Amino acid sequence: MSTLAPVAVPLTAAAVVDGAMGTVLDSIVEVERLMASLSAYRAVAIDELHRLALAAEGPARSGPGRPWSPVVAARRVAASELAAATRISEREAEQLVADSASLVHELPATLDSLRSGRLSYRHASILIDEVRTVPAQSWPAFEAAAVPEAEARTPGGFRQRARAVRERLHPDSIADRRRAAEESRSVQLETGRDGMAWLTAHLPAEQAIGAYRRLTEMASSLGAPDEPRTLAQRRADVFADLLLDGMVSGSGLGRGVRASVLVTVPVLSLLDSGVQTSSAIMPASLEGYGPISGDVARRLAAHAPSFVRLLTHPENGTVLSVGRERYAVPRDLKLWLRIRDETCRFPGCGRAAVNADLDHTVDWQHEGATRHDNLAHLCEAHHRLKHQTAWRVNQAGGGALEWLAPSGRAYRTEPAVRLAG
């Protein structure tokens, strides 16, 4: 009795697509696992960088502010080296240094799960963020409860579960923690696209909710049948009006003082908009943000008395040098340098120059002159880093700075605006 060969059934188009999708998804899952594994490797390497920085630190150096201990100096050196080498912000680098130390030395189960790809670095970051808010003696119990949850949930779902674990293990009452948390209240600015920005505030919950509801009430009161703005747009306008003018434009709601900001306006930006046909004309710049449109610049320059109106090039008579006669920087030179630098001049730092120190590149006590070519803005943290660690800097001409890291790597920062000297 003969056996018939099985007849091959042709695959449908849907089956072919489903099979291809499955293969692609398998590849994506494998890539995610490899990325998690590489994140674990990176954490070990970053911790080694920190260890080497600590080993290289000698006695505390003198400089502005209170001297750093070798431990603090090593942490700052490791973070600044990492930020400069990988082109990330120093805040992000500091976070990576701290998180890597926690993974390598205090959270072995989390590091093992990350290395094997059972959880992502985002999950690990959430776990670290939450575990740091409980006492050290509770870390092993927290990790034991949290890692299985991280391996089974999305980052958002895991955050909720991790907070539940935190509440169960935290020895302090929520009232006591609230009082301590209030110390972190702040307001932050983040630039956006197309002439926009985000202004956010970290406040006690009842204050934030109350302020939002109040904005909503005021915005709702401005509604009318012919009102073209949405409620969200009116809410944003009320918020800006109250903070900048102390009252809502055209309504009389609120009263107070006006804010003051700095706008740098090239000469050609003050011309009528119909004249500006060349894309070579440099845009105006709003301090702390960057380029703004010519229309906005002209409006600020013509109608906003709370804005300091300046030209890109300083007027005749601006003091560029006082030699060795005085240490203090005169007001017109300060303003000139503030326009030139715009931010702290350490590689990658974006802190505003208006809140930074004017540092003598060659120290005054080492015969450094109070000149535009020996001065640059450094935020407090990087001012101290320059004086209290092995970071070094030289003026390279034209406002450019050349930095030499303790590792031997070299970096160059350029001025935001090149001004005629």
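The values are calculated or read from the model by the stated rules, or taken from the named source; none is laboratory data. Computed from a predicted model, the values in this text were never measured in an experiment. Counting neighbours? That spans all protein chains shown, and the Cβs are built from the backbone with ideal geometry, glycine included. With ligands, DNA and RNA removed, areas are computed over all heavy atoms of the protein, side chains included. Shrake-Rupley method; radii C 1.70, N 1.55, O 1.52, S 1.80 Å.
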(message) What number comes out for accessible area per residue over segment 325-401 if the probe is 1.4 Å? Units Å², please.
(response) 44
(request) Restricting things to alpha carbons, tell me how big segment 77-142 is in terms of Rg and Dmax, in Å. (result) 12.8, 37
(request) Calculate, in nm to one decimal, what A98 and T154 gain on full extension: separation in residues at 0.36 nm each, minus their alpha carbon distance. (result) 17.8 nm
(request) Take peptides 387-396, 73-82 and line them up by average Cβ neighbours within 10 Å, highest first, as a rough protection proxy. (result) 73-82, 387-396
(request) Give the peptides 217-230, 344-357, 159-172, 141-154 in descending order of average Cβ contacts within 10 Å, highest first. (result) 344-357, 141-154, 159-172, 217-230
(request) Kindly state, to the nearest 0.05, the FRET efficiency for E32 paired with E190, given R0 = 25 Å and r defined as their beta-carbon distance. (result) 0.35
(message) Using the Kirkwood radius over C-alpha pairs as Rh, can you work out the diffusion coefficient of segment 47-169 via Stokes-Einstein at 37 °C, viscosity 0.692 mPa s, in µm² per second?
(response) 208
(message) Using only alpha-carbon positions, what ratio does the radius of gyration of segment 180-242 give when scaled by 2.2 N^0.38 Å?
(response) 1.32
(request) Could you work out the relative contact order of segment 101-246, using alpha carbon pairs under 8 angstrom and six or more residues apart, expressed as a whole percent? (result) 14
(request) Could you give me the percent of Cα pairs per 10 Å distance bin for segment 355-421, shortest bin first, beginning at zero and ending with the bin that holds the maximum distance? (result) 20, 56, 23, 1
(request) Treating only the Cβ atoms of Lys and Arg (+1) and Asp and Glu (-1) as charged, compute the dipole magnitude of segment 166-213 about its Cα centre; round to the nearest 20 debye. (result) 120
(message) Leaving out ligands and nucleic acids, and using a 1.4 Å probe, what accessible area per residue does segment 171-248 come to in Å²?
(response) 75
